[in-house]
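Data block below; observations after.
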Amino acid sequence: MHENLWWRSAAIYQLYVRSFADGNGDGVGDLAGVRSRLGYLAELGVDAIWFNPWYPSPMSDAGYDISDPRGIEPAFGTLADADALIAEAHALGIRIIVDVVPNHASDQHPWFIAALTAGPGSAERDRFWFRPGRGPSGGEPPNNWQSIFGGPAWTRVTEPDGSPGEWYLHLFAPQQPDYNWSNLDVRREFEDVLRFWFGRGVDGIRVDSGALLTKDAALPDVAVDDPPGPSHPFTDRDDVHDVYRSWRAVADDYPARVLIGEIWVPDAARLARYVAPGELHTVFNFPYLSCPWDAAALRQVIDETLALNAPAGAPASWVLSNHDVDRIVSRYGRADTAFNLARRRYFHNFPVDLALGTRRARAAALLTMALPGSVYIYQGEELGLWEVQDIPDELRQDPIWRRTGGADPGRDGSRVPLPWSGTEAPFGFSPPGAVSEPWLPQPKEWRDLTVAAEAASDDSMMRLYRDALRIRRASAALGDGAMTWLPAADGVLAFDRLADAVGGGVRCVANLSGGPVDLPPHAAVLLASGPLTGDGKLPTDTAVWLGV
Ligand code: NOJ
């Protein structure tokens, strides 16, 4: 693989700074904490780190409300810390990807503050979506759009003279005003932000909420069940592709940089457009992330993923979890193993069989890391952490929890600080003598899932990830390339990854059926997610990598 195309095969670790490691003892993760743990990530064997937003932010949405896209949140550190971190990671052979959030600002961003002051009709307001309200005194929102976090997508402002004024659009929380992408200042600003971070040595950009940027300026009402799509006034519009063509032109000025899209669109053909030549290099695989633990469904998603990327020659990406969805061990331990944002509010009432979920998550890890393309690992996934469903209400931070009146538990349960060592909270997350507790409480059972405990145990989730990443990196057959399905019994996924005509390859078999199955022909068992049966069969909910 050409060095410049590193991202086609990369194993990318998603690092959620607030919850990774706390260097200064205030209970919140920071860049000093990350720097002190880079050795762990190098040993784990990841190729790159994607950082969730690390910029100055009032933290109304955990950093996705950005008040300065060229700085570092003071609670996390300084720009000098980021520079040092980038250099130290590079020295360890780890690349750095940062999150860029183009759909919205923070309501504390200087542009938004200026827009409030400048008043209706001003150039400052045109960078956002300000509109008069409807109804006799303008007391009704300009249209019926609902916020993705619950409640109306509009908030009314008070004008500088104290009168009730215009409304502004926010597809997420009120503290996240949407940018107007028809405005040239906005376009230039983001191209400049890209250059700023590429210039500091960052290797890639993750584009947040990438299908939402452009809106129909007529801001029409929507039908309640109007599906997202090209005719939708705020999702997946054709003109969003102009943005990515200009971003790609910027990225192409810097060798070996990658643009990764967070694009939620249900239609594979529409998703494929984002990786068309001259646009994004790759997109997150949400269909795979949402897929139930079911062989036929997984095979269908895998085939569709490869088919959608094929015309552009883009690599597929494979994602089991992230900071917005339930942790995989819990999901696979429920009767319903699919993930669906709209139904999250019900999941936390379902019983969870953690042993079953863990077993499946181990098998899923081997399946996922054998597929062609890049793979994402959300911090803690490699430890087998579960969704913390019993966070006390008064400690919950996610705006989704508040804006749905507690109906949707939100995402805090997947964001609990990592356990590193020791037998009691904060499990090495904060240094000895820390002045504050971790910003979300850690379950006491995580004493068995600390990095230290798992390093010392041969059959831990972390050791499985480490072994798999080591084999994946060493094998020319894994990562980018082609795969070939093998004939297999119902409920079994079996495929080959062959390096070339002469070199050896890897044969992956995942058994999601109800009973043990025979292994196909092989030269050696390279790695298994669990023990084989006494007579050498592959048990239920187990996967294996075979050398061929
Ligand atoms: C998608 C991010 O992944 C999520 O965490 C965030 O809340 C929304 N975008 C809004 O920025």
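The values are calculated or read from the model by the stated rules, or taken from the named source; none is laboratory data. Given the structure is predicted, the values throughout are model-derived calculations rather than measurements. Heads up, the Cβs are rebuilt from the backbone with ideal geometry, glycines too, and the neighbour counts pull from every protein chain shown.
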### Residue check, Leu367 under 16 Å from Ser290 (Cα atoms) and in contact (Cβ under 8 Å) with a residue 12 or more places away in the chain
yes
### Task
Inspect all residues belonging to region 336-355 and state whether any of them is within 21 Å of Ala468 (Cα to Cα) and within 16 Å of the ligand (Cβ to nearest atom).
no
### Task
From Ala118, Ala80, Ala87, Ala91, grab the single residue that is closer than 26 Å to Val186 by Cβ, of a type in the set (A, V, I, L, M, F, W, C) and surrounded by fewer than 23 Cβ atoms within 10 Å (Cβ to Cβ).
Ala118
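Residue-wise test of (1) within 11 Å of the ligand (Cβ to nearest atom); (2) not aliphatic (A, V, I, L, M).
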| site | (1), (2) |
| --- | --- |
| Gly45 | no, yes |
| Trp54 | no, yes |
| Met59 | no, no |
| Gly63 | yes, yes |
| Ile72 | no, no |
| Phe76 | no, yes |
| Asp83 | no, yes |
| Arg95 | no, yes |
### Task
Just name the residue that is modelled with the lowest pLDDT out of those in region 232-248 that are surrounded by 12 or more Cβ atoms within 10 Å (Cβ to Cβ) and assigned to a loop (DSSP other than H, G, I, E, B).
His232
### Message
When the residues of region 187-213 are narrowed to those that are within 16 Å of the ligand (Cβ to nearest atom) and within 16 Å of Arg127 (Cβ to Cβ), which ends up surrounded by the most Cβ atoms within 10 Å (Cβ to Cβ)?
### Response
Leu213
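Filter region 249-288 down to the residues that are in a loop (DSSP other than H, G, I, E, B), touching a strand residue (DSSP E or B) at 6+ places or on another chain (Cβ under 7 Å) and within 16 Å of the ligand (Cβ to nearest atom) and list them by number.
Selection gives Glu262, Ile263, Tyr274, Leu280, Phe284, Asn285.
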### Summary
Note: among Leu440, Leu469, Leu449, just one is touching a strand residue (DSSP E or B) at 6+ places or on another chain (Cβ under 7 Å) and in contact (Cβ under 8 Å) with a residue 60 or more places away in the chain, namely Leu469
### Task
Among residues belonging to region 122-148 that are in a loop (DSSP other than H, G, I, E, B) and either of a type in the set (D, E, K, R) or within 21 Å of Glu189 (Cβ to Cβ) (or both), point out the one that is farthest from the chain's Cα centre (by Cα).
Ser122
### Task
Could you check, for region 303-314, whether at least one of its residues is buried (at least 17 other Cβ atoms within 10 Å of the Cβ), part of a loop (DSSP other than H, G, I, E, B), within 16 Å of the ligand (Cβ to nearest atom) and not acidic (Asp, Glu)?
no
### Summary
region 326-433: helices (runs of 4 or more DSSP H) wholly inside it with 2 or more residues that are surrounded by 22 or more Cβ atoms within 10 Å (Cβ to Cβ) and among the basic types (Lys, Arg) are 354-370
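Taking Ala488, is it surrounded by fewer than 21 Cβ atoms within 10 Å (Cβ to Cβ), more than 27 Å from the chain's Cα centre (by Cα) and free of Cβ contacts under 8 Å to residues at least 12 places away in the same chain?
Here the answer is no, as Ala488 does not meet what is asked.
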